[in-house]
Amino acid sequence: MTDIKELQNEREQLFRDLFSGKAPKRVPVTNPATLEFAIQYYGEDLAEAQWDIARCEPVFDKFCQEFPTDTSPVGSLRLPAFYQILGSKAIVMGSGGFMQHPEVMGLMPEEYDEFIAAPYDFIIDTVLPRLYTELDAEPSKKAMVLAKAVKAFSDDWATLGAIRDRTNAKYGMVAPVVSLTEAPFDFMADFLRSFKGISSDIRRYPEKVVAACEAVLPLMIKKGKLPNPNILGFSFIPLHMAPYMREKDFAKFYWPTFKTLVEELAVMGQKVQLFVEHDWMRYLDYLYELPENTIMRFEYGDPKVVADKLGKKHVLSGFYPVTLLQTGDKAQCIDKAKELLDILAPTGRYWFQADKSIISTDSDGKVADNLRAVLEYVYTNGTY
């Protein structure tokens, strides 16, 4: 067995242990930098590189050499060709080359009853043509547009996947299989009613909102299901709206279908990673109720309180402020990593990830230098 294969097996074992509730040999490390960051850091044009994914292979290779990590160090949720072919209004490329999600509305308030009766049909027939303008066409043209978009999507992700496979094999990194879904209430806010719209709806049409969340729950379960659930895969769920809700509204509108979603995915034998966006400190008792070994990546909050409340049951992650990489010096950045290790590693359920992803770099390279130092520190000192 080669040294690289042994290293990859060791890293896989870290996550097998972590995800099964056993303290791993050391704290697993994931680089929070994204594909967008890496493209800019190595001097490529962000907008152009996302249209020609093959150009990213040298970027992957250099990043793996420079920045210690146990998992594939760069990734991207969205690539532009698919969305441009569809005429997307929901996901668009900004002037700086970043893919952005503007506030959109695919469902009008007077259409709730029709949506609740048949959500999948309504999304196909009404929502998609509203949010993806090239699908607002007669059937033969719509079919051709969709075929082109799917082909572009498949080609781009096949190229990116092949690059990742080669890079992972070269450097012995782990690549968990990941699906993406949403809490039903967040799905309603993101693409159907908008954040502003759903916030109004819970006052004006409360029972319709509850029924709509229940109606889309099966779709969110299906969307989150992995083809072959296993210990090294998980469903990723970013959590959006809860911190902006009153607790009584959270308990009525958000929590029931979200909890069922996580429980149903767990019953299928797969892990769930939550991106606990903004401040969920008042909801920690709710989070405790989720299936054991749910992975929770926190953006904000008191890590000591979270460790005390959740650390005996769930996998904890996040908290490291990426803004410090820009504002702090190297010693301050490392001190923060040490502080989090001291608090969270004793739970035996800690995975080092930052509080959010890093999508842009700075002109003097300070962020990259501090990030490299932090990753090296945790990689070296995160042993049990």
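Assorted remarks:
- Here is the list for the stretch 213-292: GluC sites (Glu not before Pro) lying in DSSP coil, each with at most 16 other C-beta atoms within 10 angstrom of its C-beta, are GLU289, GLU292.
- Among the listed pairs LYS5/LYS25; LYS271/LYS330; LYS5/LYS330; LYS271/LYS312; LYS148/LYS259, a Cα-Cα separation exceeding 28 Å is found for LYS271/LYS330; LYS5/LYS330; LYS148/LYS259.
- For the pair GLU110 and TYR288, a Förster radius of 45 Å applied to the C-beta separation gives a FRET efficiency near 0.70, rounded to the nearest 0.05.
- Förster radius 45 Å - calculated FRET efficiency between ASN381 and ALA251, Cβ distance, rounded to 0.05: 0.65
- Principal-axis tilt of helix 194-204 within the chain, Cα atoms, nearest 10 degrees: 60
- Spin-label model distance (nm) - SER20 vs ASP362, 7 Å beyond Cα toward Cβ: 4.3
- Neighbourhood net charge (10 Å Cβ-Cβ; Lys/Arg +1, Asp/Glu -1) for LYS313: +1
- Counted over the chain, the DSSP beta bridges are approximately 15% antiparallel.
- Taking every C-alpha pair closer than 8 Å and separated by at least 6 residues, the mean separation divided by the residue count of the chain gives a relative contact order of 21 percent.
- Sum of side-chain charges, SER357 neighbourhood, beta-carbon under 14 Å (Lys, Arg +1; Asp, Glu -1): -1
- Radius 11 Å from Cβ of LYS252, net charge of other residues (Lys, Arg +1; Asp, Glu -1): -1
- Matching label, P(r) over Cα pairs in 10 Å bins from 0, in percent computed from the structure shown, candidates (1) 5, 21, 31, 23, 10, 5, 4, 2, 1, 0; (2) 5, 25, 35, 25, 9, 1, 0; (3) 5, 21, 31, 28, 13, 2, 0: (3)
- Annotation: amide H-H contacts under 5 Å for VAL174 (H modelled 1.01 Å from N, sequence separation of 5 or more, or interchain): THR71, SER72.
- Approximating the spin labels as points 7 Å out from Cα along Cα→Cβ, the THR260-to-ALA117 distance works out to 2.1 nm.
- Extension gain (nm, one decimal) between GLN84 and ALA162, 0.36 nm per residue minus Cα-Cα: 25.7 nm
- Backbone N under 19 Å from the GLU48 label point (7 Å along Cα→Cβ), restricted to the stretch 358-382: 361
- Cα centroid separation - the stretch 98-148 against the stretch 232-272, whole Å: 25
- Under the criterion of Cα pairs below 8 Å and six or more residues apart, the relative contact order for the stretch 71-129 equals 20 percent.
- Segment MET144-GLN100, length gained on full extension (0.36 nm per residue, minus Cα span): 13.3 nm
- Acute angle (nearest 10 degrees) that the helix 139-171 long axis makes with the longest principal axis of the chain, alpha-carbon atoms: 10
- Rounded to 10°, Cα long-axis angle of helix 255-267 versus longest principal axis of the chain: 60
- Three-way shape label, the stretch 38-162, alpha-carbon gyration tensor, a/c 1.5: prolate
Laboratory data are not the source of any read-out in this text; all were calculated from the coordinates shown. The structure displayed is predicted, hence computed values, not measured ones. Don't worry about glycine lacking a Cβ; one is built from the backbone with ideal geometry, like all the others, and counts go over all protein chains shown.
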